[in-house]
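Computed from the coordinates by the stated procedures, all read-outs in this text should not be read as laboratory data. Since this is a predicted model, take the numbers as computed values, not measurements. Cβ sites come from the backbone with ideal geometry, for glycine too, and all protein chains shown count toward neighbours.
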Amino acid sequence: MLKREKTDVLVIGGGAAGMACALSAAKEGVYVTLLERESSVGGVLNQCIHNGFGLQFYHQELTGPEFASRLIDDMNMENVKIISQSYVRDIDVRKRVAQVLSPDGAYEIQAGALVISTGARERPFGSLLIPGDRPAGVMPAGVAQRYVNLENRIPARKAMILGSGDIGLIMARRLTLEGVEVVSVLERMSYPGGLTRNIVQCLEDFDIPLHLSTTVTGISGDGRLRSVEISKVDENFTPVPGTSRTIDVDALILSAGLLPQVEDFSDDLEVDPMNRGFLVSNTCESSTEGVFAAGNNVAIFDLVDYVAAEGWIAGRHAALFSRGVNTSGDRVPVFRGKNISVLVPGIVDMEEHLRLYIRLRKPMEKGVVVLKELKIEKKFSYGVPSEMIQLVVNRDKLQPLMNYGKLTVEVQ
Amino acid sequence: MEGHITCVICPVGCKVSVRKEGVQYTIEGNRCARGEEYARNELMMPKRILTTSIGVSNGTLPLVSVKTPRPIDRARIKEIMKEIKNLSIAAPVAVGDTVVEDIDGEGTPLLATRAVSCNGGREKTTLPT
Ligand SMILES: Cc1cc2nc3c(=O)[nH]c(=O)nc-3n(C[C@H](O)[C@H](O)[C@H](O)COP(=O)(O)OP(=O)(O)OC[C@H]3O[C@@H](n4cnc5c(N)ncnc54)[C@H](O)[C@@H]3O)c2cc1C
Ligand code: SF4
């Protein structure tokens, strides 16, 4: 028999979501255990040494590590048992038992309620379908960020960045500051993926060119990357003949976006096909009772403030569930109308305020978010896919949904 | 003081142009007043917060992340980075520790943004702020 421990609330993954969750559960007065596979908690915050975190959650502009240390200090004042170097290999969602691997061996934890906050991973290289060799020097932006900011290793002399999402832009600046020549950033879309602020402060400040409607069409080098071939692409991302050229670089940094990390537990829990993360209600409960999820494994959030706020709600409901307090009320499903890609939550529970997170499909100069059955509209101007739209509806206003049995969210 | 500036204060991202006519400046393209002030500052002396990391000796991590608590002259960032590259400090380090008293000659310090404990020791605790 494996050694078995017990706890009220078990939180799996110690990033921003997991830490905020553990903190709020502990404030409800229950026993909380937080498991983290790395040797310290913090998650992706530890390697995001730039500033731009916490304006909403802490009303102060912090760097990633500072945001993490605020949460760690707060957790240390409460009754949270943090166990690092513990990897959760599997969970039994119905019995709420987690199987843990640690340097001390394997064991099980039986929990009153479970919260999964395992974050996201980077989109793998294979999914980009670039022909050619697979030499060293081709790496995801998050891996490069880890090398430079945590491990003191500079992975390039002359680098190109593929993808203009914020992670790619931030790495363009970071590598430049460390003395690497960043030749250019390529984006296959006709508009940049990241925030204007990052285009200005990470690229223009350092005269790094951004080539739109351009992608990598070939890679060569044996052992180490020697050069890449780049081409213009049309609106279907098909390379335009006669536009290719070869550029010598020893690193190609891929910023292809993040994917919610769900595969370890997705056999038992429902996943939203568009968000690609766990389907949750506004109480952060998954498709199985007593199992909650929050953070980047629900959907890719652009602000840590949203992630921490969702973790906080998950923690409170998990704590109440573990004490046998039934906090959930009537529920209706949420349907995605037009112009929306990411949409959280997938279910509205009448007992909790509704916090909607919406990502647009494409940039829109003007628009209105419509919550059809609630007859609520919110106008916006200059909406871009890189910035989520957040909308909060007080639970007192949710009752009309019961007459319709659903909520439809669309952008006009 | 003339040129084009992309305002980054909000997602609209106005392209603001600043021209000198005689003793007057004309500022155009901004959709609100905040853009005018932003463009003026960007043209006169753009400033940025610098975040980077420096080496740690005898620590549980090889690096500690650092920042300037206020924006510094953008034009000096390259040379300041060269200086920082040659620095290292000894563990333990706590969040908020002053790593360099004056990094830009204007009295701006460089502060640690992460705690690093001594190799084999416990992490130095930080007081909640
Ligand atoms: C490069 C980059 C720049 C960003 N910049 C900003 C910014 O400027 N401003 C801002 O507000 N936000 C920013 N963000 C977003 C924000 O940092 C993230 O949304 C947030 O930190 C994600 O937190 P999380 O807890 O969901 O995930 P993570 O931080 O990924 O945490 C997940 C944790 O779970 C652990 N884990 C995973 N699986 C297991 C398992 N099976 N067992 C045990 N542990 C496990 C992982 O080790 C990790 O510690 C940025 C993100 C990135 C990647
Ligand atoms: S000028 Fe005003 S509207 Fe235009 S980007 Fe700046 S803050 Fe936004």
Task: Equivalent ellipsoid semi-axes, segment A:236-295, via Cα gyration tensor eigenvalues times 5, rooted, Å - done: 40, 14, 9
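When you count, for each residue, the other Cβ atoms within 10 Å and take the mean per peptide, how do B:49-55, A:98-104 rank with the highest first?
Top of the packing list down: B:49-55, A:98-104.
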- [ ] For peptide B:42-54, compute the average count of partner chain beta-carbon atoms within 10 Å of each residue's beta-carbon.
- [x] 4
Task: Label-to-label distance, nm, for residues given as A:Val325 and A:Ile83 (7 Å Cα→Cβ offset) - done: 2.6 nm
Open item on the list: Nothing charged except the Cβ atoms of Lys and Arg (+1) and of Asp and Glu (-1): what's the magnitude of the dipole of chain B about its Cα centre? Round to the nearest 20 debye.
Closed with: 360 debye
Open item on the list: Report D for segment B:38-101 in µm² per second (integer): Stokes-Einstein, Kirkwood Rh on Cα pairs, 4 °C, 1.567 mPa s.
Closed with: 99 µm²/s
TODO: Compute the Rg to Rh ratio over segment A:314-357 from the alpha carbon atoms, using the Kirkwood formula for Rh, and round to two decimal places.
DONE: 1.07
Task: DSSP bridge pairs, segment B:2-44: antiparallel proportion in percent, nearest 5 - done: 100 percent
Open item on the list: Could you sort the peptides A:370-376, A:250-256, A:118-124, A:11-17 by per-residue average Cβ neighbour count (10 Å cutoff), highest mean leading?
Closed with: A:11-17, A:250-256, A:118-124, A:370-376
- [ ] Give me a single rounded figure for A:149-156: the average over its residues of other chain Cβ atoms within 10 Å of their Cβ.
- [x] 3
Open item on the list: Beyond 23 Å, how much of the Cα-Cα pair distribution for segment A:124-256 remains, as a whole percent?
Closed with: 26 percent
- [ ] Using a cut-off of 15 Å between beta-carbons, work out the net charge of the residues near A:Val271 (Lys and Arg +1, Asp and Glu -1, A:Val271 not included).
- [x] -4
Open item on the list: If you consider only alpha-carbon coordinates, what radius of gyration and Dmax does the protein assembly as shown have, in Å?
Closed with: 24.3, 87
Task: Global form of segment A:2-68, assessed from the alpha-carbon gyration tensor, a/c cut-off 1.5 - done: oblate
Open item on the list: Nearest 10 degrees is fine. How inclined is helix A:166-177 to the longest principal axis of chain A, computing both from alpha carbons?
Closed with: 50 degrees
- [ ] Just rank A:Arg226, A:Arg188, fewest to most, by other beta-carbon atoms within 10 angstrom.
- [x] A:Arg226, A:Arg188
Open item on the list: If neighbour count is taken as other Cβ atoms inside 10 Å, put A:Cys284, B:Cys118, A:Cys202, B:Cys14 in order from fewest to most.
Closed with: B:Cys118, B:Cys14, A:Cys202, A:Cys284
- [ ] Compute the signed sum of charges (Lys and Arg +1, Asp and Glu -1) over the other residues within less than 15 Å, Cβ to Cβ, of A:Gly218.
- [x] +1
TODO: Can you check what the Kirkwood hydrodynamic radius comes to for segment A:348-412, Cα pairs only, in Å to one decimal?
DONE: 12.5 Å
Open item on the list: Using a Gaussian network model on chain B with a 10 Å cutoff between Cα atoms, which of B:Val16, B:Val99, B:Val116 fluctuates the most?
Closed with: B:Val16
Open item on the list: Run the simple label-point estimate for A:Arg121 and A:Lys6 please: 7 Å along Cα→C-beta, distance reported in nm.
Closed with: 3.5 nm
Task: FRET efficiency, 1/(1 + (r/R0)^6) with R0 22 Å, evaluated for B:His4 and A:Tyr191 via beta carbons - done: 0.70
- [ ] Project the alpha carbons of segment B:1-69 onto their principal axes and report the range along each, largest first, in whole Å.
- [x] 60, 27, 16
- [ ] Using only Cα atoms, find the angle between the long axis of helix A:141-150 and the longest principal axis of chain A, and express it within 0 to 90 degrees, rounded to the nearest 10.
- [x] 80 degrees
Task: Lys, Arg +1 and Asp, Glu -1 on Cβ, resulting dipole of the protein assembly as shown about Cα centre, debye, nearest 20 - done: 480 debye
- [ ] Counting other beta carbons within 10 Å of each Cβ, put A:His50, A:His317, A:His211 in order, fewest first.
- [x] A:His211, A:His50, A:His317
Open item on the list: Among A:Gly13, A:Thr217, A:Leu252, which residue has its Cα furthest toward the positive end of the charge dipole of the protein assembly as shown, with +1 on Lys/Arg Cβ and -1 on Asp/Glu Cβ?
Closed with: A:Thr217
Task: Peptide ranges A:381-391, A:152-162 listed from the most packed, as the mean C-beta count within 10 angstrom indicates - done: A:152-162, A:381-391
TODO: Taking the Cα centre of segment A:183-298 as origin, sum charge times position over the Cβ atoms of Lys and Arg (+1) and Asp and Glu (-1), and report the length of that vector in debye to the nearest 20.
DONE: 600 debye
Task: Rounded to 5, the percent of DSSP beta bridges in the protein assembly as shown classed as antiparallel - done: 65 percent
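Taking beta carbons within 10 Å but only from partner chains, what does the mean come to for residues A:62-69?
The per-residue average across the peptide is 6.
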Open item on the list: If you fit an axis through the alpha-carbon atoms of helix A:16-27 and take the longest principal axis of the Cα set of chain A, what angle between them do you get, 0 to 90°, nearest 10?
Closed with: 20 degrees
Open item on the list: What does the net charge come to around B:Arg70 if you take all other residues with beta carbon closer than 12 Å to its beta carbon, with K and R at +1 and D and E at -1?
Closed with: -1
Task: Base-10 log of normalised Debye intensity for chain B (one unit scatterer per alpha-carbon) at q = 0.13, 0.16, 0.20 Å⁻¹ - done: -0.68, -0.83, -1.03
Task: Cβ-derived FRET efficiency at R0 51 Å, A:Phe335 paired with B:Lys78, nearest 0.05 - done: 0.45
